[in-house]
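S.K.: Below is a structure I'd like to ask you about.
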Amino acid sequence: MAGNRALFLDRDGVINHDSGYTSNSKDFRFIDGIFELCRAARQSGYLLIVVTNQAGIGRGYYSEQDFFALSEWMRQRFVEEGASIADIFHCPYHPEHGIGPYKKDSFNRKPHPGMLLQAAEKHGIDMAHSIMIGDKDSDMQAAKNAGVGIRCHYLTLENQDELSGAATCRIYSLREGISLLSGTARE
Ligand SMILES: [Mg+2]
């Protein structure tokens, strides 16, 4: 038994529209198809794990407590949609713009793989048979660095010129991602 499969999700730009440093539920708008995708993933046995850079904390735009409160609200919405999230990892640091102790080149900040590797250890994840969906090259790089087998770049009208060399596939809607779930079945 090689472990659990996970669907790793970036948050801003994949779960919610990235309006820049989203820090409360009033401004949090879910992207069309996210619940269908996540429900299908749970039904196929994937753990849902969110890995999100949150330099807005390090920059002093909002607090870690604000982030935790928003995360609790978000988790509850996923529970209501039949797609419970197993874990959420965040990195509050920024190598240049972090204030005080938050100014640091963290191994957890994507494109570094720290958050994904922590998740793999904590949840016993079979990375080669797992999936990462992100909207940025740094998501794809982090997933590649962590050994995630399927690295899916979610492209929109806003970021379609940012195709990542580290991606193994691309989707233009989150519902398209449902087809990835059967692509990692073990023989
Ligand atoms: Mg993003």
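The values are calculated or read from the model by the stated rules, or taken from the named source; none is laboratory data. Predicted model, so just to flag it, every value in this text is computed and none were measured. Note: ideal-geometry Cβ built from the backbone for every residue, glycine included; neighbour counts use all protein chains shown. Side chains included, ligands, DNA and RNA excluded: accessible areas come from the protein's heavy atoms. Shrake-Rupley method; radii C 1.70, N 1.55, O 1.52, S 1.80 Å.
S.K.: Let's see if you can work this out: charge +1 on each Lys and Arg Cβ, -1 on each Asp and Glu Cβ, no other charges. What is the dipole magnitude of region 43-177 about its Cα centre, in debye to the nearest 20?
M.R.: 240
S.K.: Give or take rounding to whole Å, what are the principal axis extents of the alpha carbon atoms in the chain, in descending order?
M.R.: The principal-axis extents, from largest down, are 50, 35, 32 Å.
S.K.: What does the highest-first list of 44-54, 119-129, 138-148 look like by mean Cβ count within 10 Å?
M.R.: Going from most to least packed, we get 138-148, 44-54, 119-129.
S.K.: Something else about it: Applying 1/(1 + (r/R0)^6) with R0 = 41 Å to the Cβ-Cβ distance of residue 44 and residue 66, what FRET efficiency is obtained, to the nearest 0.05?
M.R.: E between residue 44 and residue 66, to the nearest 0.05, is 0.80.
S.K.: Hey, can you rank 14-25, 76-87, 96-107, 31-42 by average C-beta count inside 10 Å, highest first?
M.R.: 31-42, 14-25, 76-87, 96-107
S.K.: Separate question: If you average the alpha carbon positions of region 8-67 and of region 96-174, how far apart do those two centres end up, in angstrom?
M.R.: 13
S.K.: Then there is this: Can you give me the % of accessible surface on region 6-180 that is carbon or sulfur? Probe 1.4 Å, all protein chains present, nothing else counted.
M.R.: Ligands and nucleic acids excluded, carbon and sulfur give 48 percent.
S.K.: Ok, one more. Starting from the Cα coordinates of region 1-98, work out the convex hull volume and express it per residue in Å³.
M.R.: 98
S.K.: With a 1.4 Å probe and every protein chain left in place, work out the accessible area per residue of the chain in Å², rounded to a whole number.
M.R.: That works out to 47 Å² for each residue.
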